[in-house]
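Okay, structure first, notes after.
The values are calculated or read from the model by the stated rules, or taken from the named source; none is laboratory data. Note that the structure is predicted; figures quoted are calculated from it, not measured. Cβ atoms come from the backbone with ideal geometry, glycine included; neighbour counts cover every protein chain shown.
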Amino acid sequence: MKLSAKTRYAARILLYLAKNGLEQPISSSLLANKTGISSQFIEQILRQLRLAGITGSVRGAKGGHVLVRKPEDLTFGCIVRLMEGGIELSGCLEKPGNCSRFDACEVRKAWESLQSTLDGVFESITLRDLMQDDRLLR
């Protein structure tokens, strides 16, 4: 299991906006410079974030991108669901009807427990947490 670059970059962009873009819009070129992500990829990610109501944009010479949701309301679970469609450790948890062994599976409970733990961890970390505790960034 590995998160896509798109998800990792979305988290990086959102953290930068949370730290620097609450008061004033941040241009795509500045975001690219500060995050090390190409402008083209930033635009793709920001479009998805904007459509989800997480970021907004301001037009004009002093325009750019802003975070419209509060950092404490944005969990990594939210980011992963938006960018990845969620994370499932096992296909049988995502689509139980596709597994002929689902009801008799001896390890399914372990997968369910692990999935629940993973989901809980993703939901427990917010952008606000990262803004306040640099230890989480290591």
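Test each condition in (1) hydrophobic (A, V, I, L, M, F, W, C); (2) surrounded by 16 or more Cβ atoms within 10 Å (Cβ to Cβ); (3) touching a Gly at 6+ places or on another chain (Cβ under 7 Å) for residue 37 and report the one that comes out false.
For residue 37, the failing item is (3).
Would segment 28-39 turn up any residue that is at positive phi and not aliphatic (A, V, I, L, M)?
Yes; the residues of segment 28-39 include at least one that is at positive phi and not aliphatic (A, V, I, L, M).
Taking the options 45, 13, name whichever one is under 16 Å from residue 85 (Cβ atoms) and surrounded by 14 or more Cβ atoms within 10 Å (Cβ to Cβ).
That would be 45, the only listed residue that is under 16 Å from residue 85 (Cβ atoms) and surrounded by 14 or more Cβ atoms within 10 Å (Cβ to Cβ).
Are there any pairs with C-beta distances below 6 angstrom linking a residue in segment 14-38 that is more than 20 Å from residue 71 (Cβ to Cβ) to a residue that is modelled with pLDDT of 95 or more and of a type in the set (A, V, I, L, M), with the two at least 6 apart or on different chains, and if so which?
28/42; 32/42
Any residue that is modelled with pLDDT of 85 or more, out of contact with any strand residue (DSSP E or B) (no Cβ under 6 Å at 6 or more places or on another chain) and in a loop (DSSP other than H, G, I, E, B) - is there at least one of those in segment 120-135?
yes
Can you tell me which residue is modelled with the lowest pLDDT among those in segment 89-118 that are in a loop (DSSP other than H, G, I, E, B) and within 18 Å of residue 77 (Cα to Cα)?
Ranking the candidates gives 90 first.
Find the helices (runs of 4 or more DSSP H) located wholly in segment 1-87 whose residues include 3 or more that are closer than 23 Å to residue 133 by Cβ, at pLDDT below 95 and small (Gly, Ala, Ser), and list them.
Counting at least 3 such residues, we get no helices (runs of 4 or more DSSP H) at all.
Over 18 Å from the mean Cα position of the chain (by Cα), loosely packed, with under 14 Cβ neighbours inside 10 Å and in contact (Cβ under 8 Å) with a residue 24 or more places away in the chain: is that true of residue 109 in this structure?
So residue 109 fails the test.
Here is a yes/no grid of residues against (1) of a type in the set (A, V, I, L, M); (2) on the phi > 0 side of the Ramachandran plot:
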{"residue": "18", "(1), (2)": "yes, no"}
{"residue": "53", "(1), (2)": "no, yes"}
{"residue": "64", "(1), (2)": "no, yes"}
{"residue": "84", "(1), (2)": "no, no"}
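Quickly run through segment 28-84 and pick out the residues that are charged (D, E, K, R) and in contact with a helix residue (DSSP H, G or I) (Cβ under 9 Å, 6 or more places away or on another chain).
34, 43, 69, 70, 72, 73, 81, 84, listed by residue number.
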